[in-house]
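One structure below.
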């Protein structure tokens, strides 16, 4: 058996933590041991249909095959859920089904006696095709990193307060476009729109000259809530199935011209990339850490002990790592985001994607966008071979990586 390293000392595992022991082939140092088991949707080729799988090391375990073989029966609709071309049925099945399936998988992957029956359902990762893991119902993007919001305020309001008056009182957000959320590996075409070029007063129409990435977490909603009934902050996480990496591509010049007074539109809606793997929230409980006190204290409906997820994150641009940060720099928690989103009676839907907004740390090397890293183009970012960037160029490939989350990658294509 292989014993996979567990999280570093100082992070308190939850009572629901699964075993770190498995017979499955897991490379040393892999972030995808049996205590993680992220879910995705894959096809193994040869005419095989899309189905649900979990990642273990550098393999995908076919849950549809296991369910047909009678090895996964943690909830009544298991066979149909895992044979579906997306996670939607499984997401809607709720926390009981999620926990039962996770426990069954942990047992199967730790039991040498089950190996003969389970191993035929393992497929090498480099031999499968990965797809968008769930149908995105609604997409909401927040602005929840204090350092990011402060940096943007300093850039755009250099003679005023960096944070607008509402920022510390509520999780600021906007409704995005679910139909343009794409899976990691999908090329992104440079968007066009209206913008005002430097030194000019009138707008022109054309391809964005200030294309950017944004390093984010995405929280995936499983069980819905009722229209007209707010979700209390203490119950919000019961609706969260898992976490995925997000790159919310941004055309800064389009955004700057159009966003007043109603907020982001064409500058954000052309593409949002997410990782192919959704890591169960249960697998991240060992990385939940206390966060600094929120000041001023939030209103009662948002009030909870501050916390964050201490997950390492990084950005690679055309082969050069340009940022290393942590998800612990998210000021507003996902529970607070949900409580605020539903405070007016808006309902959660299965497959809702809630983005954290760009995650930046206090150091210049921890910034999660080129807007910040290049300080709005004034300080070009050094890449390998003497190249520099202020914003993205055609052909650039951006790869975001996260501990226990995998990666989300995309390449910029010229405008059409």
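Could you tell me whether the range 93-113 includes any residue that is modelled with pLDDT of 95 or more, part of a loop (DSSP other than H, G, I, E, B), over 24 Å from residue 241 (Cα atoms) and not assigned by TED's automatic domain parsing to the domain that holds residue 172? The answer is yes, given that some residue of the range 93-113 is modelled with pLDDT of 95 or more, part of a loop (DSSP other than H, G, I, E, B), over 24 Å from residue 241 (Cα atoms) and not assigned by TED's automatic domain parsing to the domain that holds residue 172.
Summed over the range 61-77, the residues that are outside any loop (DSSP other than H, G, I, E, B) and farther than 17 Å from residue 37 by Cα give a count of 1.
Candidates 66, 37, 91: the one that is under 25 Å from the mean Cα position of the chain (by Cα) and at negative phi is 91.
Rundown of residues vs (1) buried (at least 22 other Cβ atoms within 10 Å of the Cβ); (2) touching a helix residue (DSSP H, G or I) at 6+ places or on another chain (Cβ under 7 Å); (3) part of a loop (DSSP other than H, G, I, E, B), yes/no style:
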position	(1), (2), (3)
254	yes, yes, no
267	yes, yes, no
276	yes, no, yes
292	no, no, yes
328	no, no, no
336	yes, yes, no
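None of 118, 60 is more than 27 Å from the chain's Cα centre (by Cα) and either surrounded by fewer than 19 Cβ atoms within 10 Å (Cβ to Cβ) or farther than 15 Å from residue 222 by Cβ (or both) except 118.
From the list 242, 228, the lone residue that is over 21 Å from the mean Cα position of the chain (by Cα) and within 30 Å of residue 96 (Cα to Cα) is 228. Given the structure, is residue 211 in the same structural domain as residue 318 (by TED's automatic domain parsing), touching a strand residue (DSSP E or B) at 6+ places or on another chain (Cβ under 9 Å), over 30 Å from residue 54 (Cβ atoms) and in contact (Cβ under 8 Å) with a residue 24 or more places away in the chain? Yes, satisfied. Being free of Cβ contacts under 8 Å to residues at least 60 places away in the same chain, assigned to a strand (DSSP E or B) and either out of contact with any strand residue (DSSP E or B) (no Cβ under 9 Å at 6 or more places or on another chain) or in the same structural domain as residue 399 (by TED's automatic domain parsing) (or both) holds for only one residue in 205, 219, and it is 205. Filtered by the rule that a residue be touching a helix residue (DSSP H, G or I) at 6+ places or on another chain (Cβ under 9 Å) and in contact (Cβ under 8 Å) with a residue 12 or more places away in the chain, the range 379-404 gives 381, 389, 390, 391, 392, 402, 403, 404.
Residue 302 versus (1) farther than 30 Å from residue 58 by Cα; (2) out of contact with any helix residue (DSSP H, G or I) (no Cβ under 6 Å at 6 or more places or on another chain): which is the lone unmet condition? Answer for residue 302: the failing condition is (2). Take the conditions (1) buried (at least 16 other Cβ atoms within 10 Å of the Cβ); (2) closer than 24 Å to residue 408 by Cβ; (3) within 25 Å of the chain's Cα centre (by Cα); (4) at pLDDT 95 or above; residue 233 misses just one of them, which is (2). Flag not set for residue 41, criterion: assigned to a loop (DSSP other than H, G, I, E, B), outside the structural domain of residue 240 (by TED's automatic domain parsing) and at pLDDT 95 or above.
A single entry from 372, 316, 407, 379 fulfils the requirement of being in the same structural domain as residue 148 (by TED's automatic domain parsing) and over 21 Å from the mean Cα position of the chain (by Cα): 379. Based on what the data block shows, is residue 343 modelled with pLDDT of 95 or more and closer than 19 Å to residue 176 by Cα? Yes, satisfied.
Among the candidates 85, 34, 27, the residue that is touching a helix residue (DSSP H, G or I) at 6+ places or on another chain (Cβ under 9 Å) and not assigned by TED's automatic domain parsing to the domain that holds residue 351 is uniquely 34.
The values are calculated or read from the model by the stated rules, or taken from the named source; none is laboratory data. Since the model is a prediction, treat every value here as computed from it, not as a measurement. Neighbour counts are summed over all protein chains in view; Cβ atoms, including those assigned to glycine, are modelled from backbone coordinates with ideal geometry.
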